[in-house]
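A quick write-up on the structure given underneath.
Only the coordinates and a few stated rules stand behind these numbers; no lab work does. A quick note: this is a predicted structure, and the numbers were derived from the prediction, not measured. Neighbour counts are summed over all protein chains in view; Cβ atoms, including those assigned to glycine, are modelled from backbone coordinates with ideal geometry.
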Amino acid sequence: MKKKYSAILFSCLALSACGGGGSSDTSSTTANLLQNTSLETTPNGYISGRVTNYDSGAGLQNIQVSAGEHTTITDADGRYSLSGTPPADRLLVNFEGAGFAEHADVIYLDTLPENNIFNVSMLPVDLTVRFDSSLQQTLSDDNSSARVSLPAGGLVKADGSTPDGEVTLNLTVIDPSRDINLMPGEMVDANAGATTEPALIESFGAITVTFEDSEGNALNLKEGAISTIRIPLSDKSGNPPLTIPLYYYNKTTGFWVSEGSAVLVNGAYYEGEVSHFSTWNADDLFEQILISGCVEDVKGNRLSNINVIANGVDYSGSANTVTDTQGNFSVAAKANASVTVFGFQLGVQTSSLNTTTSTTDEQLGQCLVSSGGGITVKMSWATPATRTYGTFATPNDDDEYLSSDLIGPKFKESGVYWDLMVSLVGSLLEFPFMDIFLSDPFHETVSSGEELLVIVQFPMPGTYRYIVKNELSEYFPGIPGEYSAGFIPRARRISDSRVELNINGNITVFLPPPGEGGENVDWSTYPPGTEAPNIAWEVFEFVVANDGSFTVVPLNNWLPQTEWNGQAPPAS
C-alpha cells in the first residue's frame, strides 16, 4: 500500500551552495527539509506511541498500557495515549496482552508531551502448555533449550490455595543479543547499593514464565517449593561465564534483583533453581565508565531533555540518560567494550557514534545530530548460533555482515557530486543530507548488528530505493580458481534481518519475503552446487515530488539472481 507524506516546510538551500561551490544556474533544484509532523493519532496525553508484534511488525489491539494509576487500551492499530498528570518523571510503563509476554519500560519524560513518543515491540509467547499441576512436570520448548521443571503440587494462587482445574504455562524466550530493547525495565541491579551511578548488568539470556489456572487466576510457586529452569544462552562476548548470577525482574521498581545462580551447560543454556516465577535473567555486573557528549540539531543548536542511550555492541547491556540545559550528557557504559551511543527526539533516532571504551571516562569528539523528527531506517540482523559454516568459511570472517543502502537519483553540479549511494557519500549537515551509521563499524562481533539510515531531507525529487545486501555472498575474482566457487559461503542470510522505517515516530516493519534460496547448497564440496541464495532484497522506495512531498512504495522483492556454477555472476 502506497502512503503519501506532505512536505511541511521548505528550505531555500540550493544544492550548489550545500556543496561549498557556486553555480551560475539560478534554477538549481532546492532541497526540502523534512519537518516533524504529528502522529496519525494525535497525542493528547503525556505519553503516546504504538505497540507492535516484534516478529511481524503488526499493530497490537487490546494491549493494556499502564503507568501508576493510569491505564488505557491500544486501538486497532496498536496506538495508545496515557492522559492525566504523570506520576513521576521516571515513568515505569507496563504492557500486557493475551498471547504476548509481559513487557515494561522505564521512560524519562520530557516536559513537552509531543516529545514523549514511545513505541514498543512485544514478543509472542513461545510455548503454551496445559497440564495437571498435582503431578511433577518437566515442560520444554521444542524450538529452544528453554525448560521449566515443577514439583508435584508446587503451584498455588496468591492466597495460597490450590489451582482450579488445569494449569496453563506461558513461556517466552528473550534473546537480548537480538535486541536489548526486548528486556523489560532498566538493566540495573537493584541490590548493588547506593552509588553515584547505577550498577549496570549485562544479559546472557532470559525467559518469562507465567502460570494461570482454568479460572484465570495467576499462580506461583508455594513457599518452600523449588523449580529448575533452563535459560538459552544469548552471547555477544564470545566468552560467556561458566557460572552466573540469576536476576528476576521487579515489576514495581523496574529494576533487576539478584537471587541465586546458574551454571552453563554444554555451552547452550544456563540451568539454575528458583523459588518464584517472573522474568528470570542470566546477568552479570560489569565495571563501568562514563561517556560524555552533546546533542545538537542540524543547525548546530544544542538540544536539552533529549534521551540518550548507550547500547553494547559486544555485550548485551544498555544505559540511558537525558541531556542538560546545554545539550550535554554523560551516560554509563561497560569498560573495555564496544559501544554505540545515540539519542531520540520526537520518536526518531539521532545519528549514532561508536566508541571502544577503556577503563577511564571519555569524551566523544562530536555531537550527536538530531533531524528534529523526519525519517530513519534501521536494518538489524541476528544469526542463529546453530547455523553451520561451510568448508570455505569460518565464523571469524571479516565480511560476515549484511549491509544496506539508499540508491537515489544521480546528481552532478558545480561543487556537488552524488554517485547515487548514501554509503559512498553521506552527511547530515551538507549534501546529500542523509547518512548511514553502523553499530559495529570495525566488525568486532559476528552474531548481530544494525545499520541506521538518517534522512534530514531529500536533496532532490526522484526515486530513492532502499535495499539490503548480503555482501558476504558476493563473487571474489581474486581467489584462486581451485577455491573459487562463485558465491563464497557464509552463515549470514538476509532472512536473519528486519527493517524498521520510522517517519515522525510512526514505525513500519519490513521482513524479507520467502524464497531467499540456498537452503540445499552443500557448502562442503567443490563446486558446491547450482542453487545460489538471493543476495539483495529491495525493501521499499521513496518517490519524492518536486514540492517535497513523498510516497513510500513497498517493494519486498528479491533482485534477479542468476544461478551459478562456479563462474562469476554477470556484471551488473
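With r as the distance between the Cβ atoms of T252 and T162 and R0 = 30 Å, compute the FRET efficiency 1/(1 + (r/R0)^6) and round to 0.05. Mind showing how you got there, number by number?
Numbers: r = 27 Å, r/R0 = 0.89.
It comes out at approximately 0.65.
So which of K299/K410; K236/K410; K378/K410; K236/K378; K157/K236 end up more than 31 Å apart, counting from Cα to Cα? Kindly include the intermediate steps, with their values, before the conclusion.
On the way: K299/K410 26 Å; K236/K410 39 Å; K378/K410 23 Å; K236/K378 20 Å; K157/K236 38 Å.
Where the Cα-Cα span goes over 31 Å, the pairs concerned are K236/K410; K157/K236.
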- Message: On a full-extension model of 0.36 nm per residue, what is the gain between A335 and V543, subtracting their alpha-carbon distance, rounded to one decimal in nm?
- Response: 70.5 nm
- Note on the structure: Computed over segment 261-387, the relative contact order (Cα-Cα under 8 Å, seq sep at least six) in percent reads 24
- Message: Tell me whether segment 89-229 comes out rounded, prolate or oblate; compute the Cα gyration tensor, take square roots of the eigenvalues as a ≥ b ≥ c, and use a/c under 1.5 as the rounded threshold.
- Response: prolate
- Task: Apply 1/(1 + (r/R0)^6) to the Cβ-Cβ distance of L559 and I73, taking R0 = 45 Å, and write down the FRET efficiency to the nearest 0.05.
- Result: 0.60
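Under a Cβ-Cβ cut-off of 14 Å, what is the net charge of the residues other than I226 that fall near it, where Lys and Arg count +1 and Asp and Glu count -1?
Values: positive: K222; negative: E223, E259, E271, E273.
Charge balance near I226 sits at -3.
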- Message: I'd like the Karplus ³J(HN,Hα) series for segment 273-284: coefficients 6.51, -1.76, 1.60, θ = phi - 60°, whole numbers in Hz, and an x wherever there's a Gly or Pro.
- Response: 10, 10, 10, 7, 10, 6, 8, 9, 10, 8, 10, 9
- Task: Report the semi-axes of the equivalent ellipsoid for segment 293-347 in whole Å, largest first, where each axis is √(5λ) for an eigenvalue λ of the Cα gyration tensor.
- Result: 22, 10, 10
- Task: Please order V188, V369 by the number of other Cβ within 10 Å, starting at the fewest.
- Result: V188, V369
- Item | Length gained when the stretch T356-N181 is fully extended (0.36 nm per residue, less Cα-Cα span) | 60.9 nm
- Find out how many positive minus negative residues lie around D235, taking Lys and Arg as positive, Asp and Glu as negative, among other residues whose Cβ is under 13 Å from that of D235. -3
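At 0.36 nm per residue, and after removing the present C-alpha to C-alpha distance, how many nm does the segment from Q366 to L285 gain when stretched out fully?
Computed gain between Q366 and L285 is 26.2 nm.
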- Item | Karplus (6.51, -1.76, 1.60) ³J(HN,Hα), θ = phi - 60°, over segment 333-343, in Hz, Gly and Pro reported as x | 7, 6, 6, 6, 9, 9, 9, 10, 10, 8, x
- Query: E519 versus D55, label points 7 Å from Cα toward the beta carbon: distance in nm?
  - Reply: 1.7
- Inter-centroid distance (Cα atoms) of segment 278-345 relative to segment 156-171, Å: 41
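Compute the signed sum of charges (Lys and Arg +1, Asp and Glu -1) over the other residues within less than 14 Å, Cβ to Cβ, of P151. Mind dumping the intermediate values first?
Working: positive: K222; negative: D132, E223, E273.
The answer is -2.
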- With label points set 7 Å from each Cα along the Cα-to-Cβ direction at L511 and E259, the distance between them in nm comes to 3.4
